[in-house]
Amino acid sequence: MLERTRDKREVQMPLFGHNYGFKPNVQIKAEFPLLYVHPVGEGHEFGLGDTLIGIKWRFIEEEMGRLQLAIYPQGVLPTGDSKRRRIATTSGIQRLCSPAMSSNE
């Protein structure tokens, strides 16, 4: 992912992720990005970005009608490096979202 503003360029690379099927209808996820940040007129830095964690719960899984419904709450934790480096690789903000998913085959 590339983000470019007038003041800086930020590239998220690579994104390390892990998914684990905790139970047949429950999956947990964690993603850890490495960031390259280059503010205009300053040096560049590499560092750990913010961590995304989530859990997907498929609460309806019909075999005959093939209808599936799930919720997938996710949160971003500000785990990036902002104190030791002169260029912050974190937003410093906790964020939550809770998408819902459905499918019908």
Original post:
Which one is farthest from the chain's Cα centre (by Cα) among residues in segment 19-43 that are over 22 Å from Lys56 (Cβ atoms) and part of a strand (DSSP E or B)?
Top reply: Pro39
Original post:
Of everything in segment 62-74 that's over 18 Å from the mean Cα position of the chain (by Cα) and part of a strand (DSSP E or B), which residue is surrounded by the fewest Cβ atoms within 10 Å (Cβ to Cβ)?
Top reply: Leu67
Original post:
Which residue, of Phe16, Phe59, is over 13 Å from the mean Cα position of the chain (by Cα) and either in a strand (DSSP E or B) or without any contact (Cβ under 8 Å) to a residue 12 or more places away in the chain (or both)?
Top reply: Phe59
Original post:
When you look at Val26, is it of a type in the set (A, V, I, L, M) and at pLDDT below 85, yes or no?
Top reply: no
**OP:** Among the residues of segment 1-28, write down those that are more than 18 Å from Gly80 (Cα to Cα) and surrounded by 11 or more Cβ atoms within 10 Å (Cβ to Cβ).
**Re:** Asn19, Phe22, Asn25, Val26, Gln27, Ile28
Subject >> Candidate set: segment 46-76, residues that are of a type in the set (S, T, N, Q) and within 27 Å of Leu15 (Cα to Cα); chosen: the one modelled with the highest pLDDT >> reply: Gln74
**OP:** Please find, within segment 44-56, the residue that is nearest to the chain's Cα centre (by Cα) out of those that are under 22 Å from Pro99 (Cβ atoms) and assigned to a strand (DSSP E or B).
**Re:** Leu52
Original post:
List the pairs whose first member sits in segment 31-54 and is within 17 Å of Thr79 (Cβ to Cβ), whose second member is in a loop (DSSP other than H, G, I, E, B) and among the basic types (Lys, Arg), and whose Cβ atoms are under 7 Å apart, counting only residues at least 6 apart or on separate chains?
Top reply: Glu45/Arg85; Gly47/Arg85
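The values are calculated or read from the model by the stated rules, or taken from the named source; none is laboratory data. It should be emphasised that the depicted structure is a prediction, and the values quoted were computed from it without experimental measurement. Positions of Cβ are generated from backbone atoms using ideal geometry, with glycine treated the same way; all protein chains shown enter the neighbour counts.
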